[in-house]
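Asks: I'd like to ask some things about the structure below.
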Amino acid sequence: MKSEFSSALVAGLGYIGLPTAAIIASRGIRVTGYDINEDVVEQVSSGNAHIYETDLDGLVQKVVSSGMLTATNKPCPADVFIIAVPTPIGEDHAPVTDYVFDTAKAIAPVLHEGATIILESTSPVGTTEELSTLLEGLRPDLKFPTNFPEEPDVAIAYCPERVLPGRILTEVVENDRCIGGITPRCARKAQSFYKTFVRGKCITTNARAAELVKLTENSFRDTNIAFANELSLICDRFDVNAWEVIELANRHPRVNILNPGPGVGGHCIAVDPWFIVHSAPEQARLIRTAREVNDEKIEFTIERCLKLIEGNADQKIALFGLAFKADIDDLRESPAMEIASRLVTQYRDRVRIVEPYLHDLPEQLRNHGAKLAGLDEALRECGILIVLVDHDVFKLIEPQERMGHAIYDTRGIWRDYNTHAA
């Protein structure tokens, strides 16, 4: 049976938009990738993925060479419009939805009767409805579900991504999707589209519920990480090995404590809880506290690093990892990046950065004299080793290679040296 969707426009070709566009194109739907970044458009048009993600390079090259995926900096008509642009937070932790509404203004002129708009960007509750109201004002010739719920010309829904970096191409297809329509009819139409490439269950609800589902998922994870990070501080207070405490506590059949780290990063967990706190400050007390605990763990880690470095004067310093999690190249909201920036500012060319997923250091680190180093080079030249990210390759460093070094392991991958640190 032929699909009712023959074309799609994906707005935002970042860590979510580009893999999603490539997957949809591989299912026989002609996809236009829209991005305001000329360099991104040029790279994708050449068949190159400008971000690192497992198997993405090959898929992008395939769908671009077949003509199923093209990239542009100007929107064009399509059956389905997917908005996958960033929604960061401002200095006061308020959600910044400007990119969503700027995209809506850009696609408004090319909308037509029968089109479906799906917002995937993480958004505060009510954003999808605001999107509909904005478009209704821009295109009064079309009926939108806000005021024409029974028979809108354009269907509008919210469907958040819930993928793990490093497994995006797999999880875009296999994970269940929560699809919230402004009306049930909108939800059903969006559901029909997702069923063209998603094997997981496509469950419908209303837009506000779907928006809150996304924020809830990451706030739950942030809270659990905060418990582990707070526990690590308590262990430090009593001079107890945090890793041992967690390992033994987890032998209880109903306890599953996560591992602590130097903070929390990424475009979701470190950001999304603030959307709830900003919208419901009086109710979101636990969520706010968890965010504060995880942010404060970064400061604790910096203090521990400074103490170690000052106790080993004149030794070169190796920082292992900059990404926000293991085995990816994503630096967004990375606690390792923040820690590295502070240390490089103070110790400058004494610092070597070991980050196997980067070909070059960010400018802010280069400008202060830090150098990108290989693993063997760092072990040979540096007397101080600080683990900030648990990349798999770092776990392969044998105990004898670390012998004689001053070590601070924030991830617990070198537990054989019997640190209490976390």
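The values are calculated or read from the model by the stated rules, or taken from the named source; none is laboratory data. All values derive from a computational prediction rather than experimental measurement. Don't worry about glycine lacking a Cβ; one is built from the backbone with ideal geometry, like all the others, and counts go over all protein chains shown. Just the protein is used for accessible areas: all its heavy atoms, side chains included, with ligands, DNA and RNA removed. Shrake-Rupley method; radii C 1.70, N 1.55, O 1.52, S 1.80 Å.
Asks: Which residues, taken from segment 293-326, are at positive phi and either loosely packed, with under 15 Cβ neighbours inside 10 Å or at pLDDT below 95 (or both)?
Replies: Of everything in segment 293-326, just one residue is at positive phi and either loosely packed, with under 15 Cβ neighbours inside 10 Å or at pLDDT below 95 (or both), namely 314.
Asks: When the residues of segment 268-320 are filtered to those that are among the aromatic types (Phe, Trp, Tyr) and in a helix (DSSP H, G or I), which remaining residue is farthest from residue 344 (Cα to Cα)?
Replies: Among those that are among the aromatic types (Phe, Trp, Tyr) and in a helix (DSSP H, G or I), it is 275.
Asks: For the condition buried (at least 21 other Cβ atoms within 10 Å of the Cβ) and either more than 27 Å from residue 165 (Cα to Cα) or of a type in the set (Val, Ile, Thr) (or both), what is the one hit in 246, 257?
Replies: 246
Asks: Any residue at all in segment 352-374 that's in contact (Cβ under 8 Å) with a residue 24 or more places away in the chain, open to solvent by less than 60 Å² (accessible area, probe 1.4 Å), in contact with a helix residue (DSSP H, G or I) (Cβ under 6 Å, 6 or more places away or on another chain) and at positive phi?
Replies: Yes.
Asks: Within 30 Å of residue 125 (Cα to Cα) and either among the hydroxyl-bearing types (Ser, Thr, Tyr) or in contact with a His (Cβ under 9 Å, 6 or more places away or on another chain) (or both): which single residue out of 39, 92, 35 fits that description?
Replies: Residue meeting the stated conditions: 92.
Asks: Right, something else. Using the structure shown, decide if residue 216 is under 26 Å from residue 257 (Cβ atoms) and open to solvent by 50 Å² or more (accessible area, probe 1.4 Å).
Replies: yes
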